[in-house]
Each structure stands twice: as structure tokens, then as C-alpha cells.
Amino acid sequence: MNYGLRCALALTPMLLMLTATPCALADGTVNVTLEDASEGGNLSGMKMTATPDSVKAGRITLHAANKSQALVHEVIVVLPPANGAPLPYDDKEGRVIEKRIKDLGEVSDLPPGKSGSLTVRLVPGNYLLICNQPNHYKAGMWTKLTVTQ
Ligand SMILES: [Cu+2]
């Protein structure tokens, strides 16, 4: 069995997602841009963009850049519920309920103008990147990340 196939087989079960598999299929980089209107901290124009939005499975480094001039943002890598259900959300807090989601890693609380990085090992699947500062997720501050074989 060749190395690549052995790696693919080793990475197949979803449960192995966070284990330290010794073989990386690929080293991918995703640039994540965090933007808002930066006008007195209002919630319009909230946006998260992942470039590229599809990467190969393996070690993936997210470089998050908070372009805002006013607001703290963050990036949380989330494995969405398998049944397609929406992420559990607390309307009063205006946040996704983090202890009830599959949080695979995060670049938390990036001050305006700052950048941060995170490396995660992801198997093929559909992931979400979200900002969970109060009300940001509902304001549209999330994006999809597809991980391919
Ligand atoms: Cu945000």
C-alpha cells in the first residue's frame, strides 16, 4: 500500500480528526479576512472571507486578519452538526453556544488591525468558520470552508 493511500485510510474516520496522525496529506493555507463597517462599532457590513475556501485535507493553517478599525473579531473552526441543524444559539447573549458545538480551534479575540494564526488538522468535510463576538455570527460573520480528499 502506498504512503498516500495509507494516509488517506488513516484519516478517514471522523473520530481521528484531532489525533496526531503522523502523515500529513497536504499543508494548506487559508487567509481569513474579518471586516466590518468600522463606523462607531455598528453591526453593518460584518463579513468573513476565506481565501481559498476549499483546501486539501491535512494540516491547515488559518491566517486571520482583523481589518476592522474598531471591533474585536475572531475565528472559530466549527464542525457543523451532521444532521444539517443550525448551530445552537443563545438569542439573549447573541452568540453561538460554544460548549455545545464542535470547536476545532480558534484565533480568539483579535483586536482591530491585528492578525493571528492557527494550525488544525482537518479531514475531508464541510466546516464553518465563525466569529462569536456578541451578535457577529447572526450579522453574517461566518463563512464555509470545504476540505477535500
Ligand atoms: Cu466579528
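The set of residues from the stretch 126-144 being within 12 Å of the ligand (Cβ to nearest atom), of a type outside the set (S, T, Y) and under 10 Å from the mean Cα position of the chain (by Cα) comprises L129, I130, C131, W142. Among the criteria (1) within 14 Å of the ligand (Cβ to nearest atom); (2) farther than 16 Å from N31 by Cα; (3) among the charged types (D, E, K, R), the one K102 does not fulfil is (1). One residue stands out in the stretch 57-71 among those that are in contact (Cβ under 8 Å) with a residue 60 or more places away in the chain and more than 11 Å from the ligand (Cβ to nearest atom): the one that is nearest to the chain's Cα centre (by Cα), namely L62. Taken as a whole, the stretch 109-125 holds at least one residue that is within 16 Å of the ligand (Cβ to nearest atom), surrounded by 13 or more Cβ atoms within 10 Å (Cβ to Cβ) and under 11 Å from the mean Cα position of the chain (by Cα).
Checking each residue of the stretch 49-62 against the condition of being within 21 Å of P134 (Cβ to Cβ), at pLDDT 95 or above and surrounded by 17 or more Cβ atoms within 10 Å (Cβ to Cβ) gives no match. For the stretch 133-149, the set of residues classified as surrounded by 16 or more Cβ atoms within 10 Å (Cβ to Cβ), modelled with pLDDT of 95 or more and over 14 Å from P80 (Cβ atoms) consists of Q133, H136, M141, listed by residue number. Summed over the stretch 72-94, the residues that are over 19 Å from N31 (Cα atoms) and either free of Cβ contacts under 8 Å to residues at least 24 places away in the same chain or not acidic (D, E) (or both) give a count of 14. Among the residues of the stretch 103-130, the ones that are farther than 14 Å from H63 by Cα and in a loop (DSSP other than H, G, I, E, B) come to 4 in all.
The values are calculated or read from the model by the stated rules, or taken from the named source; none is laboratory data. A quick note: this is a predicted structure, and the numbers were derived from the prediction, not measured. Heads up, the Cβs are rebuilt from the backbone with ideal geometry, glycines too, and the neighbour counts pull from every protein chain shown.
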